[in-house]
Amino acid sequence: MPGGMPGGMPGGMPGGMPGGMPGGMPGGPCAMAMNNQQFMRGAMMHNDDTDSSSASASEDDFNPKTGMRGFNNPSVRMGFIRKVYGILCVQLMLTFIIAAPFNVIIPTEWVKANIGVFYGAMAASIAIICAMSCCGNAMREFPTNYIFLFAFTLCEAVMVGFCTSFYKTQSVLLALAATVVVFTGLTFYACCTKSDFTGCGPYLYAFLMTLVGFSLMIFVWSLFSPIPKWMHVLYSFLGVLVFSFYIVYDTQLIVGGAHKKHQFDVDDYAFAALNIYMDVIGLFLHLLSLLGDRK
């Protein structure tokens, strides 16, 4: 896994009370969920920093049966990729199954009256991500890693459901379609390009921290005056950019091959699936904020 990336976790998450911030900037669940994704994605960078040695060791372990070393064996790498994207598919399907009823079945009034469920899911997701980040070995052991992933995905699905409940169904479908197109295109590019982006971790982390600082500024601004629409659009656009970059970055960490300045170790399939899942959810939420019409 990548080395040389700054650890630590970004600071506070600006949010707001349900009902929206002045000037049309979505507050409450929508804004807090986007900021929460940035917070958790930054927290996982600590993991990337502490696990750099395991990836190098994997390449040096000679396999006498195949005559190849670690992930230089194509069958080992392909098995790792299938496992990661298989887990990702299950996570996304679970998220869709849980989140969809919030938009098409559950009334918005119920969502507003039970907003405590959203805050509980957000607090639980932060606690789980901190536990996974601090107890890296547990994420490499079955079935502990799957239990962590399931619990985290469940919390994320509830948060996504609350967010989508404030938007029209057509807007949610548009954001979903855009996410699929962007994710597919970026994955294809990451696999086919000759450029190696796996050493860009520190720059992505800096970009992410800038976005977190920008969201904090917006929150403070909203306390004193309405937020200009262009600022909301800019914030959502920057969020789309940073999670798009992370998709390319994490994809190359997963597929390895020609892009192996840094790469995930064979036992880090849970970390790999978690990272790419957070990238997809972060991209979707920012696209929804950028393109969506609220109810």
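Every condition in (1) touching a Lys or Arg at 6+ places or on another chain (Cβ under 9 Å); (2) closer than 26 Å to V160 by Cα; (3) not polar (S, T, N, Q) is met by F219 except one, and the failing one is (1). Flag set for F197, criterion: in contact with a Phe, Trp or Tyr (Cβ under 8 Å, 6 or more places away or on another chain) and more than 25 Å from A124 (Cα to Cα).
Is there a residue in segment 213-227 that is without any contact (Cβ under 8 Å) to a residue 24 or more places away in the chain and either closer than 19 Å to L287 by Cβ or of a type in the set (S, T, N, Q) (or both)? Checked against the condition, which is being without any contact (Cβ under 8 Å) to a residue 24 or more places away in the chain and either closer than 19 Å to L287 by Cβ or of a type in the set (S, T, N, Q) (or both), segment 213-227 yields no hits at all.
Among the residues of segment 107-123 satisfying the criterion of being β-branched (V, I, T) and touching a helix residue (DSSP H, G or I) at 6+ places or on another chain (Cβ under 8 Å), which is least open to solvent (accessible area, probe 1.4 Å)? Residue satisfying both the conditions and the ranking: V111.
Exactly one residue out of V266, V220, V248, V242 is open to solvent by 40 Å² or more (accessible area, probe 1.4 Å) and touching a Ser or Thr at 6+ places or on another chain (Cβ under 9 Å): that is V266. For segment 223-232, the set of residues classified as open to solvent by less than 60 Å² (accessible area, probe 1.4 Å) and assigned to a helix (DSSP H, G or I) consists of M231, H232, listed by residue number. S195: surrounded by fewer than 18 Cβ atoms within 10 Å (Cβ to Cβ) and of a type in the set (S, T, Y), yes or no? Criteria met by S195. Among the residues making up segment 124-142, those that are open to solvent by less than 40 Å² (accessible area, probe 1.4 Å), of a type in the set (A, V, I, L, M), out of contact with any Cys (no Cβ under 6 Å at 6 or more places or on another chain) and within 16 Å of E156 (Cβ to Cβ) are I126, I128, I129, A131, M132. Could you list all residues from segment 143-170 that are of a type outside the set (A, V, I, L, M, F, W, C) and open to solvent by 10 Å² or more (accessible area, probe 1.4 Å)? Correct list: P143, T144, Y146, K168, T169, Q170.
Could you say whether any residue in segment 84-101 is closer than 24 Å to L288 by Cβ and aromatic (F, W, Y)? Within segment 84-101 (the criterion being closer than 24 Å to L288 by Cβ and aromatic (F, W, Y)), the answer is yes, since at least one residue qualifies.
Name the single residue that is most open to solvent (accessible area, probe 1.4 Å) among those in segment 58-96 being touching a Ser or Thr at 6+ places or on another chain (Cβ under 7 Å) and modelled with pLDDT of 75 or more. My answer is L94.
The values are calculated or read from the model by the stated rules, or taken from the named source; none is laboratory data. All figures in this text were calculated on a predicted structure; none of them were measured in a lab. As a convention, Cβ positions derive from the backbone with ideal geometry for all residues, glycine included, and neighbour counts pool all protein chains shown. The accessibility values were calculated without ligands, DNA or RNA, using every heavy atom of the protein model including side chains. Shrake-Rupley method; radii C 1.70, N 1.55, O 1.52, S 1.80 Å.
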